[in-house]
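> Below: one structure in structure tokens.
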Amino acid sequence: MMKKITGFIRNNYIPFLFALLAVIIELTAVYVTSGKLFIRSPWMYFTVLGLLVVLQFFLTTDRARHIWSTVVLTVLFVMDLVFIVIYEMTGTIFDFSMLKLRGDAMAILESVPINFLYTFLCGALLSAFIVFGRDFGNGETRVAPMPFFRKVTAALIAVLVFSHAGLVYAAASRREDDKYLQSKVFEDSAEGYAEQGVIGNLVTEMYAGAFDEVEVGSTREITDFIYSQVSSKYVPYYSAAEGYNVVTILGETFEWFSFISDPEIYPNGHYLPEETLRELYPNLYAFYDSSVVMTNFHAREKTDISENLSLFGSYPLDYYTNYDYANNNIAYSLPNLMETLYGVESKSFHNGNYTFYNRNEYLPLAVGFSEYIACEQMEQIAPDVFTNYFDGRGERNMDSEMIEACRDMMFPTDRRFNTYITTIAMHGRYDYRDNLQPYYDKLAEAGMLCPDEEDEEATAFYHYAAAAMDFDKALGMIVSELESRGLMDNTLIVLFGDHNAYYQTLTNYVKDIYPKTDRDCDVTELYRVPMMIKIGNKITQKVEIKKFTCTADIMPTIMSLLGINYYTNLYYGNSVFSRQESVLYSRAYDVFLTDKLYFNTLDNITFRTEEVTDEYLEDVENRCLTLMKKCSYINRIFASDLFGGAEGENFADNMRAINR
């Protein structure tokens with residue numbers, strides 16, 4: 001019997017060798033992305049791998065099996081490599097909706113980081129199989145016997161197909177379950193690709209995305225939920241900016257360490273003394289010294305989602321609003337509310353490309369901006385001032401040039417306005433840029449020289465520091481324009497960072513936090529970024545808010561300051577001035593976050609501080625469940641375009657009624 005088994009394996013060594021190499025390739029991909037050398041739920045991957053292996057038993061020669069295995073292994077190697085690159089550039093695993101971003105994703109690839117461990121190890125194994133695999137057995141090309149157990153093999157294929165179909169059904173129908181979102185709070189899972197593997201996740205997402213539809217259900221139930229709770233007026237600073245203009249500034253990749261030195265928190269950041277940094281970044285310091293400062297503000301999203309959270313305070317899961325819901329009516333967005341309640345016109349400005357993230361269609365149609373101006377329009381508006389460095393130069397555009405070109409449109413003196421500004425100068429990659437040369441010169445004069453090019457992370461910070469100087473200049477121009485036009489006393493300015501500096505792992509380097517290698521590090525600190533609010537000239541000294549706040553809190557904060565009463569179930573966060581703390585759920589990264597916890601689910605907590613008690617965990621659990629309930633209704637609101645019809649007018653009437 002043993003002789004028959006060994007003979008069977010020897011005569012069919014190529015399928016077994018194929019399976020071994022496929023598993024090594026997959027586990028290596030999982031390891032380099034998650035630090036784990038296992039797949040927690042490998043069943044989808046195993047059904048795919050099993051079919052790829054068993055099908056080889058219907059090929060009658062080693063030559064055919066070798067060619068089959070070589071082609072499939074190469075495809076698996078390349079696919080895993082692609083998703084490793086995406087993960088290392090963005091920190092996100094693949095989901096079906098990413099297909100909507102494929103054009104925009106290619107537009108931002110300035111260089112592709114190739115993981116050495118994965119490429120070297122798996123590339124070497126694949127090459128060895130291609131060269132030596134066919135001759136690994138007895139050195140001859142022979143007719144391989146058909147499967148010894150034909151019926152067993154056929155039955156095995158049937159089992160694999162049936163199992164795969166069951167997993168497909170589960171993937172496609174799971175999100176239709178009303179309890180799915182709430183189960184995310186408790187369901188045990190692993191982070192990133194350690195959950196299903198790269199290929200398993202890809203297959204699951206493709207099935208789920210292709211067949212998944214949101215169950216809208218009863219419109220009456222949705223509206224009952226929406227109108228069941230109104231915000232409180234008894235919040236500090238409520239209506240402090242009533243009747244004010246609004247300027248919201250999203251600073252692309254804006255970090256505290258862009259202008260602040262603190263060796264304990266930013267050991268690899270600025271080493272210049274504070275008095276020197278105040279000379280290099282005078283406007284950021286002036287703003288910082290005379291604003292409400294959220295020192296415990298966190299952002300863990302990509303730019304488009306952070307942007308949307310600041311515009312309408314919620315976000316549907318598993319879909320991208322900019323593409324999937326570009327024609328919806330988001331009646332509860334700030335631009336739409338300002339128009340509904342006060343007849344205020346809103347405009348959006350971004351010195352990035354006009355069509356990026358589909359903003360050219362989405363922002364006017366769904367969000368309610370009367371006009372969206374991007375770098376192509378800025379170049380036409382003020383060709384002597386604004387240079388489009390995207391146009392064949394491959395550099396980021398200048399924030400200061402955007403303000404210079406569009407200041408009359410941004411800050412009109414003949415009407416109340418709501419202006420939204422998204423910057424781009426500080427966005428990676430962080431390499432030498434000709435347009436930053438004046439700032440390099442200033443850094444050199446201050447004693448900060450470009451590090452050795454071989455020290456890539458230190459060099460990245462140097463270029464980031466120079467880019468931050470242009471952002472500082474732009475901020476100074478905004479404040480100066482408002483003051484010179486007599487608008488500063490009645491203008492609310494909200495400034496925040498959309499996410500950390502994930503390009504070239506800059507944040508990890510500056511904060512010396514590497515979760516992949518140091519499991520005890522404070523992961524939450526990676527995502528602590530700036531948020532500051534200037535309420536006209538009412539505040540002359542820094543007011544610090546230390547409670548946990550996040551991107552979902554921006555919209556409720558603005559409405560509270562403006563004195564707008566709103567329906568709280570439409571918004572995920574709370575005013576930063578209230579006692580209630582939010583919990584951040586990242587749609588892009590599928591994680592929950594507070595300043596004390598970082599977790600996929602409460603059964604799989606990646607990081608917790610020593611301050612976490614059972615009472616705190618219970619409170620976070622309740623916050624998470626409340627948030628997931630809101631998410632489920634927001635999914636249905638967007639899927640049905642609830643406010644696109646008569647309910648839109650009803651919502652407008654209700655908003656006017658609660659704001660009389």
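The values are calculated or read from the model by the stated rules, or taken from the named source; none is laboratory data. Bear in mind that the values here come from a model prediction, so they are computed numbers and not experimental data. With ideal geometry, Cβ positions are generated from the backbone for all residues, glycine too; neighbour counts draw on all protein chains shown. Ligands, DNA and RNA are excluded from the accessible area calculation, which covers all protein heavy atoms including side chains. Shrake-Rupley method; radii C 1.70, N 1.55, O 1.52, S 1.80 Å.
> Which one of these does Leu617 not meet: (1) open to solvent by 20 Å² or more (accessible area, probe 1.4 Å); (2) among the hydrophobic types (A, V, I, L, M, F, W, C); (3) within 24 Å of the chain's Cα centre (by Cα)?
(3)
> Okay, next question. Under 6 Å between Cβ atoms, at least 6 apart or on separate chains: pull out the pairs that start in region 340-355 with a residue that is open to solvent by 50 Å² or more (accessible area, probe 1.4 Å) and end on any residue that is assigned to a loop (DSSP other than H, G, I, E, B).
Short answer, once both residue conditions are applied: Glu345/Ser370; Tyr354/Ala374.
Results for (1) under 24 Å from Pro267 (Cβ atoms); (2) buried (at least 16 other Cβ atoms within 10 Å of the Cβ); (3) more than 30 Å from the chain's Cα centre (by Cα); (4) without any contact (Cβ under 8 Å) to a residue 24 or more places away in the chain, shown as yes or no for each residue.
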residue: Ala466; (1), (2), (3), (4): yes, yes, no, no
residue: Asp472; (1), (2), (3), (4): yes, yes, no, no
residue: Ile478; (1), (2), (3), (4): no, yes, no, no
residue: Ser484; (1), (2), (3), (4): no, no, yes, yes
residue: Phe496; (1), (2), (3), (4): no, yes, no, no
residue: Tyr502; (1), (2), (3), (4): yes, yes, no, no
residue: Leu506; (1), (2), (3), (4): yes, yes, no, no
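> Restricting the search to region 388-405, which residues are touching a residue at least 40 places away in the same chain (Cβ under 8 Å), out of contact with any Cys (no Cβ under 6 Å at 6 or more places or on another chain) and open to solvent by less than 40 Å² (accessible area, probe 1.4 Å)?
Correct list: Tyr389, Glu395, Arg396, Met398, Asp399, Ser400, Glu401, Met402, Ile403.
> Turning to a different aspect of this structure: So, Tyr503, is that one under 19 Å from Thr303 (Cα atoms), at pLDDT 95 or above and out of contact with any strand residue (DSSP E or B) (no Cβ under 8 Å at 6 or more places or on another chain) or not?
On the way: under 19 Å from Thr303 (Cα atoms): yes; at pLDDT 95 or above: no; out of contact with any strand residue (DSSP E or B) (no Cβ under 8 Å at 6 or more places or on another chain): yes.
The answer is no for Tyr503.
> Is there a residue in region 282-301 that is over 26 Å from Met477 (Cβ atoms), at pLDDT below 95 and of a type outside the set (A, V, I, L, M, F, W, C)?
Looking through region 282-301, at least one residue is over 26 Å from Met477 (Cβ atoms), at pLDDT below 95 and of a type outside the set (A, V, I, L, M, F, W, C).
> Evaluate region 445-459: report whether one residue or more is surrounded by 20 or more Cβ atoms within 10 Å (Cβ to Cβ), at negative phi and out of contact with any Ser or Thr (no Cβ under 9 Å at 6 or more places or on another chain).
No.
> Give me the pairs: first residue in region 67-85 and among the hydroxyl-bearing types (Ser, Thr, Tyr), second residue modelled with pLDDT of 85 or more, beta-carbon distance under 7 Å, and six or more apart or on different chains, which are they?
Close Cβ pairs (under 7 Å, with a partner that is modelled with pLDDT of 85 or more) amount to Ser69/Phe18.
> Among the residues of region 592-614, which ones are of a type in the set (A, V, I, L, M) and open to solvent by 40 Å² or more (accessible area, probe 1.4 Å)?
The first filter runs over region 592-614 and keeps only residues of a type in the set (A, V, I, L, M), leaving 593, 597, 602, 605, 612.
Listed by number, the list holds a single entry, Ile605.
> Can you find a residue in region 114-131 that is assigned to a loop (DSSP other than H, G, I, E, B) and either buried (at least 16 other Cβ atoms within 10 Å of the Cβ) or modelled with pLDDT of 65 or more (or both)? It would help to see each step written out before you state the result.
Here is the first cut: in region 114-131, the residues assigned to a loop (DSSP other than H, G, I, E, B) are 114-115.
Add one more test, that the residue is either buried (at least 16 other Cβ atoms within 10 Å of the Cβ) or modelled with pLDDT of 65 or more (or both), and what stays is 114-115.
The answer is yes; a qualifying residue exists.
> Restricting attention to region 412-430, which residues are within 16 Å of Phe369 (Cβ to Cβ) and part of a loop (DSSP other than H, G, I, E, B)?
Filtering region 412-430 down to residues within 16 Å of Phe369 (Cβ to Cβ) leaves 412, 415-422.
Across region 412-430, the qualifying residues are Pro412, Arg415, Arg416.
> Something else about it: Only residues that are surrounded by fewer than 24 Cβ atoms within 10 Å (Cβ to Cβ) and assigned to a helix (DSSP H, G or I): list them for region 363-377, please.
Across region 363-377, the qualifying residues are Pro364, Leu365, Glu376, Gln377.
> Residue by residue through region 448-459, note down the ones that are closer than 16 Å to Pro267 by Cβ and either touching a Lys or Arg at 6+ places or on another chain (Cβ under 8 Å) or among the charged types (D, E, K, R) (or both).
Asp455, Glu457
> Residues of region 620-656 being of a type in the set (A, V, I, L, M, F, W, C) and open to solvent by 50 Å² or more (accessible area, probe 1.4 Å), which ones? Spell out the reasoning first.
If we filter region 620-656 for residues that are of a type in the set (A, V, I, L, M, F, W, C), which is where we start, we get 620, 624-625, 627-628, 631, 634, 637-639, 642-643, 646, 651-652, 655.
If the condition is that a residue be of a type in the set (A, V, I, L, M, F, W, C) and open to solvent by 50 Å² or more (accessible area, probe 1.4 Å), then Ala646 is the only one that fits.
> Tell me yes or no: at least one residue of region 89-96 is at pLDDT below 80, farther than 25 Å from Leu317 by Cβ and among the charged types (D, E, K, R).
Going residue by residue through region 89-96, those that are at pLDDT below 80 are 89-96.
This time we only want the ones that are farther than 25 Å from Leu317 by Cβ, so: none.
Looking for residues that are at pLDDT below 80, farther than 25 Å from Leu317 by Cβ and among the charged types (D, E, K, R), one finds none in region 89-96, hence no.
> If I filter region 244-276 down to residues being crowded, with 20+ Cβ neighbours inside 10 Å and among the aliphatic types (A, V, I, L, M), which single residue comes out as farthest from the chain's Cα centre (by Cα)?
Applying the filter and picking the extreme gives Val246.
Table: residues versus (1) modelled with pLDDT of 95 or more; (2) among the β-branched types (Val, Ile, Thr); (3) under 25 Å from Ile249 (Cβ atoms); (4) in contact with a strand residue (DSSP E or B) (Cβ under 6 Å, 6 or more places away or on another chain).
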{"site": "Thr549", "(1), (2), (3), (4)": "yes, yes, yes, yes"}
{"site": "Ala552", "(1), (2), (3), (4)": "yes, no, yes, no"}
{"site": "Met555", "(1), (2), (3), (4)": "yes, no, yes, no"}
{"site": "Tyr572", "(1), (2), (3), (4)": "yes, no, yes, no"}
{"site": "Ser575", "(1), (2), (3), (4)": "yes, no, yes, no"}
{"site": "Gln580", "(1), (2), (3), (4)": "no, no, no, no"}
{"site": "Asp595", "(1), (2), (3), (4)": "no, no, yes, no"}
{"site": "Phe599", "(1), (2), (3), (4)": "no, no, no, yes"}
{"site": "Val612", "(1), (2), (3), (4)": "no, yes, no, no"}
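> Where residues in region 566-589 are open to solvent by less than 10 Å² (accessible area, probe 1.4 Å) and polar (S, T, N, Q), which of them is farthest from Ala657 (Cα to Cα)?
Ser586
> So which residues in region 302-318 are within 13 Å of the chain's Cα centre (by Cα) and either among the aliphatic types (A, V, I, L, M) or not in a helix (DSSP H, G or I) (or both), if there are any at all?
In the first step, residues of region 302-318 are kept if they are within 13 Å of the chain's Cα centre (by Cα); the result is 302-309, 315, 317-318.
Of everything in region 302-318, those that are within 13 Å of the chain's Cα centre (by Cα) and either among the aliphatic types (A, V, I, L, M) or not in a helix (DSSP H, G or I) (or both) turn out to be Lys302, Ile305, Leu309, Tyr315, Leu317, Asp318.
> Restricting region 518-556 to residues that are of a type in the set (S, T, N, Q) and more than 22 Å from the chain's Cα centre (by Cα), which is most open to solvent (accessible area, probe 1.4 Å)? Outline the logic, then answer.
Just the residues of region 518-556 that are of a type in the set (S, T, N, Q), to begin with: 524, 537, 540-541, 549, 551.
If we keep only those that are more than 22 Å from the chain's Cα centre (by Cα) too, we end up with 537, 540-541.
Values: Asn537: 79, Thr540: 109, Gln541: 138 Å².
For region 518-556, the residue satisfying everything is Gln541.
> In addition: Gly352 fails exactly one of the following numbered conditions: (1) over 21 Å from Gly476 (Cα atoms); (2) modelled with pLDDT under 95. What is the number of that condition?
Condition not satisfied by Gly352: (1).
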